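Just below is one structure, and these are the notes that go with it.
Just so it is clear, none of the values below were taken in a lab; they were calculated from the coordinates. Computed from a predicted structure; not experimentally measured.
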Amino acid sequence: MTEELTSVSASLFHEAAKSLLESRNNTLSLYKQVMSCQPFEESVLLREVLEDFCEQLVDYSGKVHFALLNNIEENFADNKEILAIANNVSRVLVENTQKILDFQDAYNADVEKTDVAQLSSRLSQVGEIIANRIVVEDKLINAILVDQLT
C-alpha cells in the first residue's frame, strides 16, 4: 500500500470512527432518557423518547457496518488480526441486529399503544446488546489504530 493510500485510508478510518462514536453517544444518551421515564406508563413523553431512541438505535446499528466494515478487507487484507476481529464484529452484528429491529418494530411511532409491561425487560436486553457491540467495536477500532501506528 502506498504512503498516499495509507494516509487516505487513515483519514477515512478516523472520520468513520468519529461518526460511529458520535452515533454511539447519541444512542446511549437517548437510552438514558428512556430509562429516566421509569416507572413506565403510557404517555406522550414516553412515546416521543422511545421514537427518538428507536430511530437512533437503528442508525447506530448500521454505522459500524457502513462506516468501518465495508473497507476492512480492501485496506487491511494483509492483516489477519484485524480481519479476524472484523469477522467477530460481523458475527455479533448479525446476532443482534434482528433483536434491535424487533425492538424498533415493537416501540416505533407506528405502534398505536406502547407495551409498557414488557418495556423494562426489552430495554434491558437492548442495553446488553449495546454493551456487547461497544466491546467488539472498540476492539476493532483499537486494532486498526495500533496497525496505523506501526
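Work out the P(r) tail for segment 69-150: percent of alpha carbon pairs separated by more than 22 Å, whole number.
Across segment 69-150, Cα pairs with separations above 22 Å total 41 percent.
Kindly provide the helix-only [θ] at 222 nm of the chain, computed as the sum of -39,500 (n - 2.57) over DSSP H runs of four or more divided by all residues, to the nearest 500 deg cm²/dmol?
Calculated from helices alone, the mean residue ellipticity at 222 nm is -28000 deg cm²/dmol.
Using Cα pairs closer than 8 Å and at least 6 residues apart in sequence, work out the relative contact order for segment 22-83, in percent.
Reported relative contact order: 34 percent.
So, in the chain, how many Lys pairs have Cα atoms under 25 Å apart, if the pair is 8 or more places apart or on different chains?
For the chain, the number of qualifying lysine pairs is 14.
Bin all alpha-carbon pair distances of segment 3-149 at 10 Å intervals from 0 and give each bin's fraction as a whole percent.
Taking every Cα pair in segment 3-149, the percentages come to 11, 39, 27, 16, 7, 1.
As I understand it, the value is the acute angle between the Cα axis of helix 116-149 and the longest principal axis of the Cα atoms of the chain; what does it come to in degrees, rounded to 10?
Relative to the chain, helix 116-149 is tipped by roughly 10 degrees.
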